[in-house]
Amino acid sequence: MQLRYQFRVYPTPGQRIDLARAFGCARVVFNDGLKLRRQAREAGLPYVSDAELSKQVITQAKATPERTWLGEVSAVVLQQALADLNTAYRNFFASVTGKRKGRKVAPPRFRSRKDNRQAIRFTKNSRFKVLDNGHLRLPKIGDVVVRWSRSLPSDPSSVAIITDAAGRYFASFVVSTTDEPLPELDSEVGIDLGLTHFAVLSDGTKVAAPRFLRRAARKLKRLQQALSRKRRGSQNRKKAAVLVARAHARVADTRRDWQHKLSTTIIRENQAVYVEDLAVAGLGRTRLAKSVHDAGWASFTAMLEYKAAKYGRTFGRVDRFFPSTRMCSQCGRINDKMALNVRWWDCPCGTTHDRDVNAAINVLAAGQAESLNDRGAHVRPGLVPAARREAVTHPDAACSTRSVEGISVL
């Protein structure tokens, strides 16, 4: 399994200038490659291959007076910028042809120096190195101080240097890790994610929603008001924008740390974990959008998934259209739709349900059924021979479904 290990780095003022130059060169190469392919498409010419693109926007461009400064940065940074462009095009083509599942992928767009996130990547052939004193040696940049919070499990295959809107720098290492199976347990759990309670487990445990963004709303409002009063294009506006970005980054970091701790606890205490596959993108367009984004369900389920694979646990997603809330976990009856303010409801079988706990129990049952199905269990009845009159196709039968004779149900 390949994982990313991200650490904070603290470049010197001179190294920040070198990094800014590398960010700019990588951005220019990416934009030049995108422009060249767009021009070829508009002119009706064949698609520019990867090798030809690298030859024109890097090798030949360095020999021109307009792009001589491309030689001031590592060539690997420029090659990796083109690799990102090629990957973006492949994802777009796969999405258009239907080979890539999920949401449609848009074609690549031009990068801007005003983007909140700038990144460059070094691979092994660039000869970056982690020194014995803990510094990270990068070609044509120097030795950068790294704040190590843990050791790397193996030698990294690549490292990306990232800067965000808050002015922070990070080193993101890609390393290969081996699975670390935990002792097997008998407990399995289903999780119902929500807004009132962030997570409700099938054993009745309820985890309160921390609402980090709501708690920081007052400070964010004050900083954003100060930003709006600054004149556009001024240095004071740039400083105010950095303060706003730092406040948002603090909220995101706190949420991520909390989700890591909760997901690790759930994975360690349960052999199998099942969650509902929520349509977060759709919920993000409703009146609950702010609360949905504040919860961070997608990142939490992604943590559960990769940690389950790492520690030898079972992870499953239940279909989003499964009526976990309306189904009685005792008798299986599916009731009518309920409003969000209905937290308790009574089933005609005589059972009183807590809305969230009942949904978590149903998610657990549905996940276990899917897991058994993956192992080859018989979850459907065997084949029954059809009656002769049902298996025969009459040549004079009408094509319209309105004239088809109904089949009696035994």
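What to note about this one:
- Counted residue by residue at 0.36 nm each, then reduced by the alpha carbon distance between them, the extension gain from residue 21 to residue 268 reaches 84.4 nm.
- For Rg and Dmax of the Cα atoms in Å, the value computed from the atomic coordinates appears in the list (1) 23.6, 76; (2) 27.8, 87; (3) 21.9, 75 under label (2).
- Summing charges over neighbours of residue 76, with a neighbour being any other residue whose Cβ is under 11 Å away from its Cβ, gives +4 when K and R count +1 and D and E count -1.
- For region 110-155 and region 32-47, distance of Cα centres in Å: 33 Å
- Here the dipole of region 242-323 is about 260 debye; that uses its Cα centre as origin and unit charges on the Cβ of Lys and Arg (positive) and Asp and Glu (negative).
- In terms of packing, defined here as the mean over residues of other Cβ atoms within 10 angstrom, the peptides 262-269, 97-104 line up highest first as 262-269, 97-104.
- Spin-label pair residue 351-residue 155: with each label point 7 Å from Cα along the Cα-Cβ axis, the two points sit 5.8 nm from one another.
- Result for the chain in a Gaussian network model with C-alpha springs under 10 Å: among 340, 131, 70, the largest mean-square fluctuation is at 340.
- Chain lengthening between residue 59 and residue 90 when straightened (0.36 nm per residue, less Cα-Cα): 8.8 nm
- Placing R0 at 25 angstrom, the Cβ-Cβ distance between residue 115 and residue 83 gives a FRET efficiency of 0.85 after rounding to 0.05.
- Heavy-atom SASA rank of 42, 188, 370 (probe 1.4 Å, accessible area, largest first): 42, 370, 188
- Length gained on full extension, residue 252 to residue 211, computed as 0.36 nm times the residue gap minus the Cα-Cα distance: 13.7 nm.
- Residues in region 65-73 carry Karplus couplings, in order, of x, 6, 10, 4, 5, 5, x, 7, 10 Hz; the curve used is 6.51 cos²θ - 1.76 cosθ + 1.60 with θ = phi - 60°, and Gly or Pro positions show x.
- 3J(HN,Hα) along region 356-370, derived from phi through the Karplus expression 6.51 cos²θ - 1.76 cosθ + 1.60 where θ = phi - 60°, amounts to 6, 5, 4, 5, 5, 5, 5, 4, 4, 5, 5, x, 5, 5, 5 Hz, with x in place of Gly and Pro.
- A 1.4 Å probe run over the protein chains yields, for the chain, 62 Å² of accessible area per residue, whole-number rounding.
- In units of the compact-protein estimate 2.2 N^0.38 Å, region 158-226 shows a Cα radius of gyration of 1.81.
- Debye, to nearest 20: dipole size of the chain, +1 on Lys, Arg Cβ, -1 on Asp, Glu Cβ: 2980 debye
- Gyration tensor (alpha-carbon) shape descriptor, region 37-165, a/c threshold 1.5: oblate
The values are calculated or read from the model by the stated rules, or taken from the named source; none is laboratory data. As the structure is a prediction and not an experimental result, all values here were calculated from the model. Cβ atoms come from the backbone with ideal geometry, glycine included; neighbour counts cover every protein chain shown. These accessible areas exclude ligands, DNA and RNA; they are computed on the full protein's heavy atoms, side chains included. Shrake-Rupley method; radii C 1.70, N 1.55, O 1.52, S 1.80 Å.
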